[in-house]
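Note sheet for the following structure.
A short reminder: the numbers here are calculations on the coordinates, not readings from a lab. Note that this is a predicted model, so its numbers are computed, not measured. Don't worry about glycine lacking a Cβ; one is built from the backbone with ideal geometry, like all the others, and counts go over all protein chains shown.
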Amino acid sequence: MKKPRRPASKTFLPDNLEAAHKLCFLNHDVMVELLRSGEENGTFNHTFRFRDEGDRKEFEASADVFEWLEKTKRESERTELLRRVVFPAILSDFLHFIFEALETSRKAKLNVSFALIRKPLQESLFVLETIAANVGEFAKHLKENPQRLHSQGAGGLEAHQKRIASVLSVLKRRRSF
């Protein structure tokens, strides 16, 4: 007996891939919720503590917050500010691409899906790994040589494996606190 054909508007996924596709969407939705919750609860906000009134006035007169941070020798605050701004922006971008890749795969537009999935898995993940492994190094690269944050020159599979090992090591140390 032939299976009834699904309506074209619903999905073109083979039955054996539907559960995996739903799981991918569930993972996407969980990450979106974590990002939304972080934004709603101020996780990505940063507050500057002024040393004195002169410090405040210098900040207010500054046209560029990063110049002020450098001038007042606040390297750790600069690094923290960058992490709190860049991480959610990259993760949000990552999740938008994943969502569209999942949608186009459901519609059997696989060339588009593969093109959409390449960016978050190659470029965004590289920056997220760099932030997680060493936020200070990330901030230094962003300031001095942003090209170092481009995944194309990152050293291939072996370098990728070392970054993952480094991220896992950082996570393991943080978990022990």
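Select from Ala139, Gly155, Leu102 the residue farthest towards the positive end of the dipole of the chain; place +1 on Cβ of Lys and Arg, -1 on Cβ of Asp and Glu, and compute about the Cα centre. Checked the options; the winner is Leu102.
One entry in (i) 40; (ii) 45; (iii) 36 is percent of Cα pairs over 27 Å apart calculated from the shown coordinates; its label is (ii). Between Glu60 and Arg148, the contour length at 0.36 nm per residue exceeds the alpha carbon distance by 28.5 nm.
Each Lys and Arg adds +1 at its Cβ and each Asp and Glu adds -1 at its Cβ; summed about the Cα centre, the chain shows a dipole of about 1020 debye.
What does the extension gain come out to for Glu33 and Glu80, with contour length at 0.36 nm per residue minus their alpha carbon separation? Intermediate values should be presented prior to the final figure.
Numbers: separation 47, 0.36 × 47 = 16.92 nm, distance 2.26 nm.
Full-extension gain reported as 14.7 nm.
Quick check for you: which residues of the range 109-147 have the amide N under 17 Å from the point 7 Å beyond the Cα of His21 toward its beta carbon? Taking a point 7 Å out along Cα→Cβ of His21, the residues of the range 109-147 whose backbone N falls under 17 Å are 109-117.
Using C-alpha pairs below 8 Å separated by at least 6 residues, the relative contact order for the chain is 20 percent.
Taking the range 50-142 as the region of interest, the number of lysine pairs whose Cα atoms are within less than 17 Å, with members eight or more places apart or on different chains, is 5. Taking trypsin sites (Lys or Arg not before Pro) as exposed when DSSP calls them loop and at most 13 other C-beta atoms lie within 10 angstrom, the chain has its longest site-free stretch at 74-177. Leu23 sits among other residues whose Cβ lies under 14 Å from its own Cβ, and their net charge, with Lys and Arg +1 and Asp and Glu -1, is 0. Distance between the modelled labels on Ala108 and Arg49, one decimal in nanometres: 6.1 nm (7 Å Cα→Cβ projection). Using the Cβ of Ser124 as centre and a radius below 12 Å, the other residues enclosed give a net charge of -1, where K and R count +1 and D and E count -1. Its relative contact order, with pairs defined as Cα atoms under 8 Å and 6+ residues apart, puts the range 56-141 at 29 percent.
Estimated from helices alone, the mean residue ellipticity of the chain at 222 nm is -22500 deg cm²/dmol (sum of -39500 (n - 2.57) over DSSP H runs with n ≥ 4, per residue). Charging the Cβ of each Asp and Glu at -1 and of each Lys and Arg at +1, and nothing else, the dipole of the range 1-91 about its Cα centre rounds to 880 debye. P(r) tail, the range 88-175: Cα-Cα pairs separated by more than 16 Å, 59% of all pairs.
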